[in-house]
Amino acid sequence: MENYQIILEPDEDIGFCARSNKMKGCFAEGDTIAESIFNFNKSAKSWILVAKDIGYLPCKNKVVWDVFIY
């Protein structure tokens, strides 16, 4: 099992931006915290599939999110 942190930062223009330091280039935006986490989850699934395909990430069966709001 691999743990990833989701970092949520407020943004005046879009509401919230979600990102993870371990997943370079993977981020999402949303009007609310819930929407940004939902959008990030969709983006992260795609990011993980590509990372596995190129050998960047060892195959893991489960990913756990730790959410931090700044």
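Numbers below:
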quantity	calculated
Restricting the range 7-39 to GluC sites (Glu not before Pro) in coil, as DSSP defines it, with at most 14 other Cβ within 10 Å	Glu12
Long-range HN-HN contacts of Cys26 with modeled amide H, under 5 Å	Ser20
Accessible-area value, Leu49, 1.4 Å probe, nucleic acids and ligands omitted, Å²	110
Tensor-based shape of the range 1-54 (alpha-carbon gyration tensor, a/c under 1.5 rounded, otherwise prolate or oblate)	prolate
Environment charge at Asp11 (Cβ cut-off 12 Å; Lys +1, Arg +1, Asp -1, Glu -1)	-4
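The values are calculated or read from the model by the stated rules, or taken from the named source; none is laboratory data. Keep in mind that this is a model prediction, so the values were computed, not measured. We place every Cβ from the backbone using ideal geometry, glycine too, and count neighbours over all the protein chains shown. With ligands, DNA and RNA removed, areas are computed over all heavy atoms of the protein, side chains included. Shrake-Rupley method; radii C 1.70, N 1.55, O 1.52, S 1.80 Å.
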